[in-house]
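The values are calculated or read from the model by the stated rules, or taken from the named source; none is laboratory data. Since the model is a prediction, treat every value here as computed from it, not as a measurement. Every residue, glycine among them, receives a Cβ derived from its backbone with ideal geometry; neighbour counts consider all protein chains shown.
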Amino acid sequence: MDRKILCLPTHDLSSGESFYASIDEFREKIPLTTYKDYMDYIDRMVVEGENNVLSSENPVYFSMTSGTTAKIKLLPATATTIKKLNESVALGFYIIRRSFPSSSFSSFNQRVFVLQTGIKPNMFPVSKDGIPMGPISNHSSAIGSLSRTFSSVPVNHTLSLDIIVEITDFETSAFVQLVFALVNWNIYSYRVTFASGFIHTVNIIENYFEEISLCISTYNFKYSSLVQKNISDPAFISTLNQKLHEVIVEYGGETYGLERAKHIRNECSKKKVPGILHRLWPNLMFATTAIGSTFTIYKPDIQFYCGDRLPL
């Protein structure tokens, strides 16, 4: 067996080497490490505000792990990290798209549903030198224009991030985003970053479909118990109503809203029937979420929601 390993991007090419001589050499020069090996360095960055510790490029964000399986960890992300992350997401997105005929994406008003999370920039905890800290999914709202500059995916979201960050309660935010997704029959992609969140969004649809249908048929969020409980600003609710009305008008007006609400109610009333996502959005082409590692336990449920016709 050939035990040579091609050089990684971090390998110094100035020496003239194009690969490590063997896997054993690679293991010797780059041993396995754990978070514990970096804790002191990260503390120096977060607590003391020290620069040039783990990288010559200073971090712009400290990503926090969920703490599900261990204590919360802080992972420094530089501008280059964010750029590479967005490039990786873009690459995956385009690979999936290219697996379908180009004619599948001919409609100008096609949308994608991406569950977005975010809070206002001034609500993030910060390190000693003012670098925001939060879940990796919130980095767009934390570093705003920088993240969008590096974004390589021309995504036509159902609702803009500047609206979403105004909704501080996660459940309410997800509900509102789902209403704007469900009012649109022409969704071709359904994306939630993690499998647990994916299932949670479907559960919201199942548990609140009557309220969702009423909001859509009347283009009014007064029928949402979550909105009424967790959003106190009447002007902001009015903005949500106006934007919902604009979408309904775009697709055909009041008659369309009533028909769409009826369709949602009918499909969600069918209990224990697989493929609810494809039944709600007949044009839906694929769904994406993370189902590896500890998330594999959610895969059967997600496949049930996707059904046989929707690739995951």
Residue check: is Asp43 assigned by TED's automatic domain parsing to the domain that holds Ile143 and within 21 Å of Gly130 (Cβ to Cβ)?
yes
Quick one: Gly49 ticks every box in (1) closer than 15 Å to Met133 by Cα; (2) at pLDDT 85 or above; (3) loosely packed, with under 12 Cβ neighbours inside 10 Å except a single one, so which number is it?
(3)
Would you check which residues across the range 38-94 are of a type in the set (A, V, I, L, M, F, W, C) and part of a loop (DSSP other than H, G, I, E, B) and list them?
Val47, Val53, Leu54, Ala70, Ile72
Does Ala142 fit the bill of being farther than 24 Å from Lys270 by Cβ, aliphatic (A, V, I, L, M), in a helix (DSSP H, G or I) and at pLDDT 95 or above?
no
Scope the range 260-298; condition farther than 10 Å from Leu310 by Cβ, of a type in the set (D, E, K, R) and in contact (Cβ under 8 Å) with a residue 24 or more places away in the chain; matching residues:
Arg260, Lys262, Arg265
I'd like the full set of residues that are surrounded by 13 or more Cβ atoms within 10 Å (Cβ to Cβ), farther than 21 Å from Ser66 by Cβ and free of Cβ contacts under 8 Å to residues at least 12 places away in the same chain, limited to the range 95-135.
Arg97
Which of the residues spanning the range 250-278 are farther than 20 Å from Ser173 by Cα, touching a Gly at 6+ places or on another chain (Cβ under 9 Å), in a helix (DSSP H, G or I) and of a type in the set (A, V, I, L, M)?
Ile276
Would you point out the residue of the range 159-186, among those that are of a type in the set (A, V, I, L, M) and at pLDDT 90 or above, that is nearest to Glu250 (Cα to Cα)?
Val183
